[in-house]
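Below is one structure; the comments refer to it alone.
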Amino acid sequence: MIRIVVVAGTLLLGAGAVMAQQAIAVQQDNLMRGQAKSLYTVIMKMTKGEIPYNQAAVDTAIKELEESVPTIPSVFATNPKEDVVNSFYGASQKVWQNKADFDSKVPPVIKAIADVKGKIQDVASLKVAYDSINGKCTECHETYRLKLK
């Protein structure tokens, strides 16, 4: 009977750890998806003329980036050691092998957002803003993002 309890307890602990790791991976994935929605689905598509320019949508996208980007170091504090199922992108293990460098990529993105906030008034200024923010995001993505599919 004791063996059964020990085995069941071990299985429950293992399952709980796997679920916790998946929850962390999902949180990281959701953060990046939210930022991608703001930067690519809204801002980039407007710069390309794929959707009409909308100042309210731009302001909302910038605000969402401004609020979410500073959370990147804390959201990526724990290595989930697995990717979200069916996700197109994931975090490289390099994030946790060189966490200080990874975290150092965030302040330039925050600065790029702050530098353009309140200055976007039309498609031309939006393109400048997009190029600035995306350039800083790309610096991190080149090293720390993996294409899964």
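Bear in mind these aren't lab numbers, they're just calculated from the coordinates by the rules spelled out. This structure is a prediction, so every number in the text was calculated from the model and none was measured. Note that each Cβ is placed from the backbone with ideal geometry, even for glycine, and that neighbours are counted across all protein chains shown.
Taking 0.36 nm per residue of separation and subtracting the Cα-Cα distance, what length does fully extending K119 through E82 add?
9.3 nm
Amide H of I51 versus every other amide H placed in the peptide plane: which residues, excluding those fewer than 5 positions away on the same chain, fall under 5 Å?
Long-range HN contacts for I51: M46.
Per-residue HN-Hα couplings for region 84-97, Karplus 6.51 cos²θ - 1.76 cosθ + 1.60 at θ = phi - 60°, whole Hz, x for Gly and Pro?
In residue order, the calculated couplings are 6, 4, 6, 8, 7, 10, x, 8, 6, 5, 4, 3, 8, 7 Hz.
Please build a GNM for the chain, connecting alpha carbons under 10 Å apart, and tell me which residue among V58, V26, V85 fluctuates the most.
Highest fluctuation of the listed residues: V85.
For region 2-147, with only Lys/Arg (+1) and Asp/Glu (-1) charged at the beta-carbon, what is the dipole magnitude about the Cα centre, in debye rounded to 20?
Numbers: 17 positive and 15 negative charges, 44 e Å.
I would put it at about 200 debye.
Please give the per residue volume of the convex hull enclosing the alpha carbon atoms of the chain, rounded to a whole number of Å³. Don't skip to the end; give the middle numbers.
On the way: hull volume 18.7 nm³, N = 149.
It is 126 Å³ per residue.
Cross-link candidates for K37: which aspartates and glutamates have Cα within less than 13 Å, leaving aside residues fewer than 8 places away along the same chain?
D29, E64
Expressed in nm to one decimal, what extension gain is obtained for the pair K99 and K147 from 0.36 nm per residue of sequence separation less their Cα-Cα distance?
Between K99 and K147, full extension yields an extra 15.3 nm.
Report the gain in length on full extension from Y53 to T41: 0.36 nm times residue separation, minus Cα-Cα distance, nm rounded to one decimal.
Full extension from Y53 to T41 adds 3.1 nm.
Between M32, A77, T47, whose Cα lies farthest towards the positive end of the dipole of region 2-147 when Lys and Arg beta carbons carry +1 and Asp and Glu beta carbons carry -1, centred on the Cα centre?
A77
Pairs of alpha-carbon atoms within less than 8 angstrom and 6+ residues apart define the contacts here; what relative contact order does the chain have, in percent?
Computed value for the chain: 29 percent relative contact order.
For labels at E139 and Y89 in the simple 7 Å Cα→Cβ model, what's the distance in nm?
1.7
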